[in-house]
1. With every protein chain left in place, what is the accessible area per residue of segment 90-235 in square angstrom, probe 1.4 Å?
2. Report the chymotrypsin sites (Phe, Trp or Tyr not before Pro) located in segment 110-218 that are in a DSSP loop and have at most 15 other Cβ atoms inside 10 Å of their Cβ, or state none.
3. Students often get this wrong, so check it: of K132/K230; K70/K132; K183/K235; K131/K235, which have C-alpha atoms separated by over 24 Å?
4. Can you classify segment 112-171 as rounded, prolate or oblate using the Cα gyration tensor, where a ≥ b ≥ c are the square roots of its eigenvalues, rounded means a/c under 1.5, and otherwise it's prolate if a/b beats b/c and oblate if not?
5. If you take the C-alpha gyration tensor of segment 105-239, multiply each eigenvalue by 5 and take the square root, what semi-axes do you get, largest first, in whole Å?
6. Please report the net charge: other residues with Cβ closer than 13 Å to the Cβ of K131, K and R +1, D and E -1.
7. Lys and Arg at +1, Asp and Glu at -1: add these up for the other residues within a Cβ distance under 14 Å of E213 and post the number.
Amino acid sequence: MKPRNLVIAFTLALALCLAQGQNAGPNPPQNPRIPTITYDRVWEAYTPQNVNIVVEAMGSTHYLSRNPFKPPDQAHNPFNPPDQAVSNPDFTLEFTMSAANRNKIFRLAQQANYFNGDFTYKKHTVASSGKKTLTYADEARHFETTYDYSENKAIEEITNLFQDISNTIEHGRKLQYLHRFDKLGLEDELKDMESAMEGHNLRELQVIASTLESIANDAAVLNIARQRAKRLLAKAGSK
């Protein structure tokens with residue numbers, strides 16, 4: 001090939017690569033360098049209607065909750081007053097998952113063959129609790145499975161764990177709202193959280209530790225609520 005033609009071919013190839021890069025968008029790669037597990041639940045009858053949690057093997061975690069099936073005037077943060085509704089209803093949070101839960105999630109994924117298979121319960125119809133999708137991806141593998149309910153113990157346990165994390169974060173959001181707009185409502189919410197904690201239905205409590213601490217240290221809050229916040233805060237520190 002003549003030098004001039006070689007330069008033209010190289011220029012065209014470079015332009016094509018740049019165009020592909022621009023069209024790639026922000027989506028994560030199918031096979032990330034760091035092993036990653038994603039949990040996605042869509043349940044129109046529940047609030048939030050959609051929960052998405054992405055956790056990397058080193059613990060970096062992204063949380064998203066939203067209400068995509070509600071009209072725009074109803075899809076805002078359910079804990080905001082009506083006059084503070086926002087056009088973007090998505091709630092996101094970045095945090096580092098505890099080593100214990102992170103290791104458990106990846107161990108359960110291994111037990112479930114990294115979600116390579118059909119884990120849906122098919123013996124008879126069961127009450128729906130939302131469509132759930134678990135995805136595992138690393139440099140060599142990319143598997144996902146979708147189900148509503150599963151009898152597989154590893155799938156069941158990992159589902160409960162992710163849902164417990166979501167419960168904790170959503171409780172934290174409500175506490176922030178109540179602390180600002182309805183301090184008298186804090187006691188009931190914190191009581192519900194203590195009951196959930198006793199039932200092992202809250203995980204990663206340290207994620208909302210700053211919210212609990214602000215309530216516990218606020219003299220304008222009822223003492224019984226402050227004591228509940230302090231007990232939960234102590235449990236958050238022990239995780």
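1. Accessible area per residue: 51 Å².
2. Hits after loop and neighbour filter: Y121.
3. K132/K230; K131/K235, as the Cα separations exceed 24 Å there.
4. Judged from the Cα gyration tensor, segment 112-171 comes out oblate (a/c at least 1.5, b/c at or above a/b).
5. Here the semi-axes work out to 36, 16, 12 Å.
6. -2
7. +4
The values are calculated or read from the model by the stated rules, or taken from the named source; none is laboratory data. Because the structure is predicted, anything quoted here is derived from the model rather than measured. Because the Cβ atoms are built from the backbone with ideal geometry, glycine has one as well, and the counts that use them run over all protein chains shown. These area figures cover heavy atoms from the full protein model, side chains too; ligands, DNA and RNA do not enter into them. Shrake-Rupley method; radii C 1.70, N 1.55, O 1.52, S 1.80 Å.
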